[in-house]
Each structure stands twice: as C-alpha cells, then as structure tokens.
Amino acid sequence: MKNIIFKELKELARDGRFKIATGITFVLLLIATITGINQYNKNNKQYLESMSKERDVWETQGEKNPHSAAHYGTYAFKPKFALSLFDYGVTKYTGNSIFLEAHNRHEASFSEASDQTSLARFGTLSINFVLIYLFPLIIILIGYNSYTKEIEHGTDTLLKSQGVNPIKLTLGKWSATYIPIFIITSIIFLTIGIVLSSLENLAFFSWASLLTLGVSYLLYYAIITTLTILISIWSKSSGLSLVSSLVVWIVFSFITPKIATNFANNYYPYPSKSEFNARIAEDKKNGLDGHNPWNSAAKKLEEETLKEFGVDSISQLPFNYNGYRMQKGEEHEAKVYEKNYNLLNEIAINQNNIYKKLSFLSPFIPVRFLSMEIANTSDNLHWKFTKAAEAYRIKKQEFLNYDIKDNAKAGSSGYVMTAEKFKKLPKFNFTPPTLLEILKENGQNILFLSLWLVLPFLGLIITSKKI
Amino acid sequence: MLNNNLKYELKLLMRSKWLILLSISIVLLFAFATYNGNKNVAKRLTDISKMEKEFLKKDSTMLVTLTKIEKGEKVDTPYWQLPNDPITVGYRYPRLAIMQPETLSFIATGQSDMYTHFKSPTVRGNNFALDYSEMVNPVQLLFGNFDLAFVFIYILPLLIIAFSFNVLSKEKELGTLRLLGAQPIAVNLWLIQKIGIRYFVFTTITIVALFVSIELFSAVAFNDFGSLIKLLLLISGYILFWFILSCFVNIKINDSSKNALTLIGIWLLIVMVIPATINQIGNSLYPTPSRLKMINEIRLIKKENEEKQNKIMNDYLRSHPELATENQDQKFGFWHNYFASEKIMEEKTAPLLAGYDSQLKKQQNLINMFKYVSPAILMQQSLNNIAGTSEKHYNDFKKQVFEFSNSWREYLVPMLFKEQVFTTKNYREMPRFSYKNRISDDTWVNFMAIISISGFIFFFFINGKKNKNISM
C-alpha cells in the first residue's frame, strides 16, 4: 500500500494542473485572509468605539424622568467574534445593533448586505469560501482518474496480474488523494490560528474551536475523496468520471441548498414585517397598557394592588403606583413579544430543519451549518444575541420603572432621576455558547457528516472487492 | 460541406440520448425555477394586498370619523386620536408606499428577498434612518433561491460544457480525426460549423423550454413582449459566449478530460471566483461607512438638540417665517420642537448619508469597470434589471419614499404651526405615492458587451488559428 501511495503522490507532484490549481487557491486564500483581517480589525474597532460612545451617551444624559430615559433608549451591539474572520456565515444578512427602548422590542437593523451591491449574492471571497467550494474541486482534480487512468493506460490488467490486493489498492489511492489535502488544510488552519492569535483585541478566540472547525472540514474532504474514488471506479472513462464528480459537487454545493430554500419558503413562510408588527399590536391591545390607567387591564391591576395592600386609594400605597403600573405594562408587552418572537423563531427552526433534513442529499449542508455555528456567525447565534438583548431591555425597563416606583412621590408627576443613577444600570454583555454547547446543539449535523463518511467508505471497500 | 455537416450532426444528435437528456433537464430546471419565481412574486403580491386592505380599512375609519366631526356629531375616539389633528393623521394614518413587482419579476429574485416592498413613513421618525429590510431567515439569503437567473447563470454553462467539451477530442480519441483531416474542409471550419449547429439546437431547446415554463406558470409575462425579447437575446448571447469558449478550448487543448477540466476551471473563474473577488475587493477598497457610526452620530445630535431646543425653534421660525403665527401667545408643544429639531438632524446627518451614497456608488463603479471580465456579472445585472429587483431599483424605491414622505410632511407640518384642522378636503388633496421604475435599462449595453467578448474570443483566438494545424 505504501508503494501505491508513493507512486500516486509522485505522479501528482509531476502534474502541472495540480500545481496550477493549488497555486491559484493559495493566492485566493491570501487575498481572502488579508482583506478579512482588514475588515475584522475595522469592524471590531467600530464595535468597540460604538459601544463605548453609546454607553457615554446613556450615562451623560443628565437628570431626567426615568420613563423619558426609557424612551430615549440605548443600543445593544453584537460583538465581532474572532472566527468570523474565517467564516462570515450569515453576519452580512443580520444586523449588528438593536435599539432597546420602552414598550417596543426592535430587531437588529442595518445589515451589511443591504448596504452593498447585488454582487454580494455571488458570495464573498472569504477563507471559508475557498475551503468549502474550491478545495473539493482540487480533490476531484486529484482523484477523478485514479482508476480510469489504469484502464485507459492498460495498467489495470498488469496490477491484477501482480496480485495486488484490491482493498489495499483502493485504500492506497484513497490515501494518495487525501494526504495532500490533509497536509494543505492542516497548514492553513495552523497559519490561521497563528495569524488570529497575533491580532489585537481579538474576542472569543479559542484554539479548540479552530481545531474543531479544521476537523469538520477534513471530514468533509474525506467524504468528497471517497465519492471521487468511488465514481472513478464506476466510470468507464476519465472524462465521464470527471463530469460525474463535478455534477455531484454542483448538486452538493449549489442545487440542494437552493432547493431547500424554496421548500423552506413554501412550507414555513415568514410573515412580512408589517404583518408581524400588526399581530403584536393586536396582542398588545388586549393587555395592560402601562401608559393608560383607564383600560380594563389597568383597572383590574389597580383593584388587585389596592386589595393586596389593604388600602382604598393609590395615594395610600407605600410606593408610586405609576411606576408599578408601567412595569406591569412592560411585563405584559414583553410576554407579547416573547410569544410572537418565539413563533418566528419556530418558523426559522422549521426552515433550518428542512435544510438539515436535506443533508442526506448533500454533506455540504451539515458542514456549512457546523462551520457557521463554531465560528459564531450562524443565525442560531444571532437568535441568542437578540434574546440576550431583549432580556437586557426588560431588566433596563425594570431598573427605570422601579426607580419611579420606589423614589417618586405618590401622585406627583415631575419626578426626575439623578444623573448619577444612570451609571448604575449594568452594561450589556453577550457571551457566546461554549464549544461543547455548540457541538451538543449540532448533534444532527455531526451525525449526518459521520453517516456520509462511513456509508460511502463502506461502499468503497465493498466495490473495491469486486474490481 | 455545410449541408453535409448539418445533416450528419443533426442525425447524430437525434440518435444520441444526449439530446433527450438535455431537453428533459432544461425543461425540468426551467419549470422548477419558474414555479419558484412565481411563488416568490405571489407571496410579494399577497403581502402587498394584505397591507392595502388594512390601509383602506384604516382610512375609511378615519374618513367616517372626520365626516362625523365636520357634521358636529359625537365620536367615540379619544381626543388624542382624533384625525382632525394633522399630526395625528401623520402619525396614526401614514400613507402606504408600494413597490409593485414587474411583469418579469419571477425570473430573478435579485434583492427582492432582502427588502420590503411597502413602507409607511410617519411624520415621526427619521426618514433617512428607515430600515427597509424584510423579515427573512438569513440562512435563506445566504444560500439563495433556485430561480431562473440561477439556472441561466450557473447551470446553462455547465450543460453547454457537458454538451460540447469533446466535440473535436472525441474524433481524435475514436481515431476519426485523421479521416476528417483528409476531407476537403479545414478541421477548424468543420468544428465551428459543428459547434454552430449545436449552439442553434441548444438555444432552440432553451427558448422552447423557457416559453413552455412561462406558459405553465406565469403566462402574464407574454404581455411584456419587449422585456421578453431582451431576455431571449441575453440568453442567446450568454449561450453563444460559452459555446465559443468551448470551441476555443476544443481547438487549443483537444483532449476530452483536459477540455472538461479547463472549461470547468473557466466556469469557476467566471461564475464564482471573479464575482466573489470583485465583491471582496470592492468592500475593502470602498467600505460603506459603519451604520454603528451613524447610530452614534444621530444619538449625539439628538442629545445636542435637546439641550438647544429653544434656540433651534427660534432659528427654525426665522427660516420659516410663514409658519410663525401673528399670535404672540403661540405655544410650542412637543411636535413643534420635534419638527424644528428634525430639520437640524437632517442637515447634520446629510454628510454622513452622502458618505453612504458615495461609497455605494464607488462600489457600483468598480463593478461597472470589472463586469466585462465576467459575463456572469453582466447577466446577473441584466436579469435583475429586467426583473426590477436590482439594488438600484430598491435604492430608488427608498429615494422615492423619501421624496414622497418629505412632500407629505410638508403638507401636514405647516397645518400644525398654523393651528389648522385636518378635513376630508385635505384628505383628498394629500400627496399620494405612486412607484415609478426610473432605473434606466442597460440590457442592450450588457447584451452588446457579451456579444463583443464572444466576438473578440472568436476572431482573435479561433478564427486567427484557422491556418494552424490541429494535433491529430
């Protein structure tokens, strides 16, 4: 087997096409890395600046009525994660800041893609773009004729007559196709790790995550290698083997994900923004409005509160009732938002499940999802961020409403909060899930990748016995 | 000889399973893509129709209330929601600005999955900071739609490659090339004729398949004959480009595997690598200013405005004397201050917004410069233009909404300062939004560019080689 591997590798080293393809890929990787680092540094700097400026705006707003401050609001910014330099994921399509104010839950706004030309839809040259789209092509280039060339050169009979074990022959050819990719990928990931760890202000970088990413890609390449060799065994000519392998690559990388998009859209359509807002407005209408003491829910709350404290009028309560009602109203609105956003999240999960279910047609899908998840650039991460921002908004409202409740005189209306108190509002902080949590959540993707690895490989061994 | 070649090639194609496979593949791909495109447009129309219904319902309630007020009848609405206050109308009864789909919108999703197709700007809120993004799962935006544009740009070239990569090399591999060389026709000319016939067959199948798909799923497209012709020309041009490229590779390399590899390499370069690289370089060279920075700027201006409220109001009335009443006791409330500050806000944020426009323009210029390197970019731009779903269309929609919103505010705000009430007459006079597709259609330019690139390859690389020997 060793001899087979050496012979194949020697042939490969002499092959001009392989050298050219690898050369072009390295140039693209270099462009992707340089522009990626440049963008990461710029975006991270902007993130840090905006966060600090926004906090400054909040803390220096001067003495003010807490509810005015609640409407004045503040922003939650999504951090730039280190591995986003490797895989941009959906970050281009999700916004990076959420406005947090009283009564309203806002969505992240201003996605990068909406500020760019439609060329963005062709994709962006990132490290991940090269690794996920172009590397499989190099594998195909190396392996498409591994068996057909023996037939075309008439060496297959020679091999058989020498009594070469067919399984060893297949494993040798498989290894010879995979080893160069394994080495190149390992070098790339090692270089990325070294480059990333040398950057300043890098957020949430871990070697463990990077290595897990590397392993996922290596698994994907092993799958492509197996399929390429399998196709080569089945094909009558190199041309046919090449065309078939390319068809498989196109089905994996383009056709299946796009078909999944249309299925997801048909089965689980998203409501339009206006429709979604209308539903929220309708739900809000039927509950407690913190601003309106006359609606039925407010009246009911008043009665219950008076009963609880055993008093006849709100002026006898030991706290400012307006602040209390405002907080209760906020809690009701938060529940309305939670309900509607959970429904939306459910649609997104159902849509993503369609992609994941179609993973049996394409190993590209599980590796694409896994890559985004580990790089913290997935929509799942974005949901986590929006939920954290909403939790912070509710806490912020509580902080401000309880200030009115505890400090404003009962019945008075001109209460203002001291300028210093605004500084006491805790800062928004978002920590992404740990690698272990991510891997647990992605059990299905890992399972599909493993199946894609094991089943075709078994097929390869069985087929090789029949050669 | 052409006749013989034509007869023989057609016979060969008719007998081969390739032609059936090709026809079935194209019909299925087109039908599925047209169905999807049509579904997307239908969803857009349903969303618009829901909004229109809701809008009309609200407006009729407002009109009933207004009529009652004018007749002096009692109304149930709380005083702060009465529509005789012009600002209540501006805040609670905004107009609906709709961008209807074009007849051929189904051919290219373009940016339509990303943006909203209707907006209701109210008198409150910064017009320039309105978010036009639509609710959509970002994973869908990442993977994209299976629409006709995808089939045209990505799949058709691959089918062409599969259909023509070994036209000459097969003869060599079968040993018939020498026999061919003995015929009274130059091998190059023979190849060009053969590729030409295949081009004709392929284009015919494509056009027929397209017509069948349109007839099945979006027959209304036949009403826009002009756009349909442009579409057919573009497709024919794009197909021609790939056949010429294939012809060139057949002559230059003349080895089936190598031909296929080279053509796939070129496909990869034209359809994926060049557009992605230009996009990345464009973003690096001309990055759009950070929206985070804009948020900070707006917040700081708002803060500053709050502190200088009185001065702002004085300056505002000085520059708008028509809005100051002769009544010395004119009292300014929240809305008066708001509109005065809004003006300042717009003035101060204007340079920032100009920065966005300028960077986007620079990115567009970069694409315009490099789009001739990749016919895939030319195709994408043209198809989006025909479909009315390009970024230019959406940016212009934003612009039109902005212009409309300004004229609508300018109608209502003076009523606030002059303490006028809003009446049914005002309702009829109010400015109304009507979307116009103002984007100039550069389909012809792009079509000519694709033809010129194809012509260039043909005359300089194929025709120029006709006297050279092809390796036998």
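The values are calculated or read from the model by the stated rules, or taken from the named source; none is laboratory data. The structure presented is a predicted model; accordingly, all values stated were derived computationally and were not measured. Reconstructed Cβ throughout: ideal geometry from the backbone, glycine too, with neighbour counts over all protein chains shown. These accessible areas exclude ligands, DNA and RNA; they are computed on the full protein's heavy atoms, side chains included. Shrake-Rupley method; radii C 1.70, N 1.55, O 1.52, S 1.80 Å.
Okay, here's what the table says:
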item	result
Checking A:Tyr144 against (1) surrounded by fewer than 23 Cβ atoms within 10 Å (Cβ to Cβ); (2) within 14 Å of another protein chain (Cβ to nearest Cβ); (3) touching a residue at least 60 places away in the same chain (Cβ under 8 Å), the condition it does not meet	(1)
Residue among B:Tyr93, B:Tyr154 that is open to solvent by 20 Å² or more (accessible area, probe 1.4 Å), more than 30 Å from B:Ala182 (Cα to Cα), without any contact (Cβ under 8 Å) to a residue 60 or more places away in the chain and among the aromatic types (Phe, Trp, Tyr)	B:Tyr93
Test result for B:Ile244, open to solvent by 10 Å² or more (accessible area, probe 1.4 Å), away from every other protein chain (no Cβ under 14 Å) and either farther than 21 Å from B:Ile107 by Cα or touching a helix residue (DSSP H, G or I) at 6+ places or on another chain (Cβ under 7 Å) (or both)	yes
Residue that is over 28 Å from B:Phe150 (Cα atoms) and either open to solvent by less than 30 Å² (accessible area, probe 1.4 Å) or of a type in the set (Gly, Ala, Ser) (or both), where the choices are B:Leu104, B:Leu82, B:Leu66, B:Leu56	B:Leu66
Pairs where the first residue, in the stretch A:262-280, is facing another protein chain (nearest Cβ under 7 Å) and the second is open to solvent by less than 30 Å² (accessible area, probe 1.4 Å) and among the charged types (D, E, K, R), C-beta under 6 Å, 6+ apart	A:Ser272/B:Asp47
Selected residue (criterion: nearest to the chain's Cα centre (by Cα)) from residues of the stretch A:188-200 that are within 19 Å of A:Pro79 (Cα to Cα) and surrounded by 12 or more Cβ atoms within 10 Å (Cβ to Cβ)	A:Leu196
From B:Leu159, B:Leu180, B:Leu142, residue being part of a helix (DSSP H, G or I) and either at pLDDT below 90 or open to solvent by less than 10 Å² (accessible area, probe 1.4 Å) (or both)	B:Leu180
Subset tally (residues that are facing another protein chain (nearest Cβ under 7 Å), open to solvent by 10 Å² or more (accessible area, probe 1.4 Å) and among the polar types (S, T, N, Q)) for the stretch B:117-139	1
Looking only at the stretch A:234-245, and only at residues there that are in contact (Cβ under 8 Å) with a residue 24 or more places away in the chain and crowded, with 21+ Cβ neighbours inside 10 Å, the one that is farthest from the other protein chains (Cβ to nearest Cβ)	A:Ser245
Tally, over the stretch A:248-278, of residues that are of a type in the set (Ser, Thr, Tyr), assigned to a helix (DSSP H, G or I) and over 20 Å from the mean Cα position of the chain (by Cα)	2
Residue in the stretch B:351-370 that is farthest from B:Ile274 (Cα to Cα), counting only those that are in contact (Cβ under 8 Å) with a residue 60 or more places away in the chain and out of contact with any Pro (no Cβ under 8 Å at 6 or more places or on another chain)	B:Leu353
Segments classed as helices (runs of 4 or more DSSP H), wholly inside the stretch B:1-112, with at least 3 members that are modelled with pLDDT of 90 or more, within 30 Å of B:Phe334 (Cα to Cα) and hydrophobic (A, V, I, L, M, F, W, C)	B:17-71
B:Thr389, sole failed condition from (1) part of a helix (DSSP H, G or I); (2) closer than 24 Å to B:Phe241 by Cβ	(1)
Subset of the stretch A:227-247 (residues that are closer than 17 Å to B:Asn259 by Cβ and part of a helix (DSSP H, G or I))	A:Ser238, A:Gly239, A:Leu240, A:Ser241, A:Leu242, A:Val243, A:Ser244, A:Ser245, A:Leu246, A:Val247
Tabulated pairs, the stretch B:337-350, first open to solvent by less than 40 Å² (accessible area, probe 1.4 Å), second small (Gly, Ala, Ser), C-beta under 9 angstrom, 6+ apart or interchain	B:Thr349/B:Ala129
Whichever residue in the stretch A:290-312 is modelled with pLDDT under 80 and exposed (fewer than 12 other Cβ atoms within 10 Å of the Cβ) and, among such residues, is farthest from the chain's Cα centre (by Cα)	A:Trp294
All positions within the stretch A:201-211 that are part of a helix (DSSP H, G or I) and surrounded by fewer than 17 Cβ atoms within 10 Å (Cβ to Cβ)	A:Trp207, A:Ala208, A:Leu211
Close pairs from the stretch A:178-197: first closer than 15 Å to A:Asp87 by Cα and touching a residue at least 60 places away in the same chain (Cβ under 8 Å), partner open to solvent by less than 50 Å² (accessible area, probe 1.4 Å) and aliphatic (A, V, I, L, M), Cβ under 6 Å, at least 6 apart	A:Leu196/A:Ala82
Residue in the stretch B:171-194 that is out of contact with any strand residue (DSSP E or B) (no Cβ under 9 Å at 6 or more places or on another chain) and within 11 Å of another protein chain (Cβ to nearest Cβ) present	yes
Pick from the stretch B:374-398, criterion more than 12 Å from chain A (Cβ to nearest Cβ) and under 30 Å from B:Ser452 (Cβ atoms), ranking: surrounded by the fewest Cβ atoms within 10 Å (Cβ to Cβ)	B:Asp396
Qualifying residue in the stretch A:363-374 (condition: out of contact with any strand residue (DSSP E or B) (no Cβ under 8 Å at 6 or more places or on another chain), open to solvent by 30 Å² or more (accessible area, probe 1.4 Å) and part of a helix (DSSP H, G or I))	no
Residue match in the stretch A:165-182 (condition: under 28 Å from A:Ile34 (Cα atoms), assigned to a helix (DSSP H, G or I), open to solvent by less than 20 Å² (accessible area, probe 1.4 Å) and modelled with pLDDT of 90 or more)	yes
Pick from the stretch A:41-84, criterion in contact with a Pro (Cβ under 9 Å, 6 or more places away or on another chain) and not in a helix (DSSP H, G or I), ranking: farthest from A:Phe204 (Cα to Cα)	A:Pro79
Unmet criterion (only one of (1) within 7 Å of chain A (Cβ to nearest Cβ); (2) in contact with a Phe, Trp or Tyr (Cβ under 6 Å, 6 or more places away or on another chain)) for B:Asn166	(2)
Which numbered condition A:Arg105 fails, given (1) on the phi < 0 side of the Ramachandran plot; (2) open to solvent by less than 20 Å² (accessible area, probe 1.4 Å); (3) more than 21 Å from the chain's Cα centre (by Cα)	(2)
The listed residue being surrounded by fewer than 20 Cβ atoms within 10 Å (Cβ to Cβ) and either within 14 Å of chain B (Cβ to nearest Cβ) or closer than 30 Å to A:Phe385 by Cα (or both), out of A:Glu152, A:Glu112	A:Glu152
